[in-house]
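The values are calculated or read from the model by the stated rules, or taken from the named source; none is laboratory data. Please read all numbers here as calculations on a predicted model, not as lab measurements. Reconstructed Cβ throughout: ideal geometry from the backbone, glycine too, with neighbour counts over all protein chains shown. SASA here: full protein model, heavy atoms, side chains in, ligands and nucleic acids out. Shrake-Rupley method; radii C 1.70, N 1.55, O 1.52, S 1.80 Å.
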Amino acid sequence: MVKHEGIGLAVVAFAIYILGGIGTFGGLALIAFMDGRDLFGLGDGRSIGYVFLCVGLVFSVLGVLCMRIFRNRKLV
């Protein structure tokens with residue numbers, strides 16, 4: 001019989017990983033294409049791109065670590 005108790009944790013970890021990837025590549029795009037331009041009144045697009053890049057990388061690492069922890073503890 002298959003256990004389905006930890007599938008929610010796996011979905012959350014995978015969603016964090018996907019959001020991290022989107023943030024990373026979105027940040028790279030902002031760095032490349034928004035140099036010196038204002039981004040919706042929030043500030044320079046390049047600066048916000050660096051923030052998205054760093055936060056995206058952290059989320060990607062966090063998602064992978066969560067997946068590994070859940071799998072090694074037999075939660076998924």
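Using packing as a proxy for protection, rank 8-18, 36-46 so that the peptide with the highest average count of other Cβ atoms within 10 Å comes first.
Peptide ranking by packing, descending: 8-18, 36-46.
Rounded to the nearest whole Å², what accessible area per residue is found for the chain with the 1.4 Å probe?
Normalised by residue count, the accessible surface of the chain is 75 Å².
Can you give the extra length, in nm with one decimal, that the chain gains between Ala10 and Ala29 once fully stretched, where that is 0.36 nm per residue apart less the Cα-Cα distance?
Values: separation 19, 0.36 × 19 = 6.84 nm, distance 2.87 nm.
Result: 4.0 nm gained on full extension.
Using +1 at the Cβ of each Lys and Arg and -1 at the Cβ of each Asp and Glu in the chain, identify which of Gly63, Gly6, Ile31 lies farthest towards the dipole's positive end.
Checking the options against the dipole of the chain, the answer is Gly6.
Can you give me the distance in nm between label points at Ile22 and Val58, each placed 7 Å from the Cα along the Cα-to-Cβ direction?
1.9
How much length would be gained if the chain were fully extended between Val51 and Asn72, taking 0.36 nm per residue of separation minus their Cα-Cα distance, in nm to one decimal?
Taking Val51 through Asn72 to full extension adds about 4.4 nm, to one decimal.
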